[in-house]
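See structure below.
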Amino acid sequence: MKKSWIILAIIVLLVIIGYASIKNTYNQMVSKGEQVTAQWANVENVYQRRMDLIPNLVTTVKGYADFEQETLTQVIEARSKATSINVDADNLNPAMLDQFQEAQAGLSSALSRLMVVVERYPDLKANQNFLELQAQLEGTENRIAVERRKFNETAMEYNTFIKQFPKNIYASIFNFESKAYFAADEAAREVPQVEF
């Protein structure tokens with residue numbers, strides 16, 4: 001009789017330890033997943049800031065450069081395409097992130113072409129409104145880089161956590177999946193040729 005009580009106590013103790021381990025690991029995975037979601041929201045926030053600045057920039061440029069309509073149209077179309085791509089942090093897979101990055105790269109390229117066009121208009125370059133918008137846009141681009149870096153760090157911490165043993169077993173059971181990372185564009189890997 002005493003032996004059966006000891007065995008029962010050991011089984012109950014093992015069940016309690018197992019439950020505590022699973023509960024603790026699950027809660028940590030949820031917490032880290034929420035951190036990734038929050039950081040993704042920060043990334044979207046700075047991209048939204050850039051989207052909000054673009055109409056003001058286009059309007060300011062339009063007043064000076066009526067005949068550069070093609071460039072302005074490209075910026076507007078790129079902005080429209082970029083705003084149409086919505087990525088949910090819970091469904092953050094490499095394909096969705098690539099699609100998001102492609103749309104944002106198209107917008108960045110269109111904005112770069114717009115800035116080249118602006119060089120032809122000294123009055124526009126001296127316009128205080130334009131200078132302020134340009135400074136805000138540059139600051140926003142820096143914020144985007146910072147938030148993307150922070151997102152990658154948060155995603156790495158989450159991905160590492162759910163891939164460690166025995167957490168990977170719990171992650172598989174509870175359907176916790178790896179999050180995608182922002183990666184450099186292929187063009188950024190090429191060394192630019194500078195000629196004087």
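The values are calculated or read from the model by the stated rules, or taken from the named source; none is laboratory data. This one's a predicted model, so the numbers in the text were calculated from it and none came from an experiment. All Cβ positions, even for glycine, are placed from backbone atoms using ideal geometry, and neighbour counts span all protein chains on display.
Any idea which residue in the range 2-52 is surrounded by the fewest Cβ atoms within 10 Å (Cβ to Cβ), counting only those that are hydroxyl-bearing (Ser, Thr, Tyr) and under 18 Å from residue 152 (Cβ atoms)?
The selected residue is 37.
With the condition being in contact with a Ser or Thr (Cβ under 7 Å, 6 or more places away or on another chain) and surrounded by fewer than 18 Cβ atoms within 10 Å (Cβ to Cβ), I'd like the helices (runs of 4 or more DSSP H) fully within the range 60-166 carrying at least 1 qualifying residues.
The qualifying helices (runs of 4 or more DSSP H) are 94-118, 128-163.
Go through (1) in contact (Cβ under 8 Å) with a residue 60 or more places away in the chain; (2) closer than 27 Å to residue 151 by Cβ for residue 112 and report which single condition fails.
For residue 112, the exception is condition (1).
The rows are residues; the columns are (1) touching a helix residue (DSSP H, G or I) at 6+ places or on another chain (Cβ under 7 Å); (2) modelled with pLDDT of 85 or more; (3) among the charged types (D, E, K, R).
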| residue | (1), (2), (3) |
| --- | --- |
| 40 | yes, yes, no |
| 48 | no, yes, no |
| 52 | no, yes, yes |
| 56 | yes, no, no |
| 61 | yes, no, no |
| 65 | yes, no, no |
| 69 | no, no, no |
| 74 | yes, no, no |
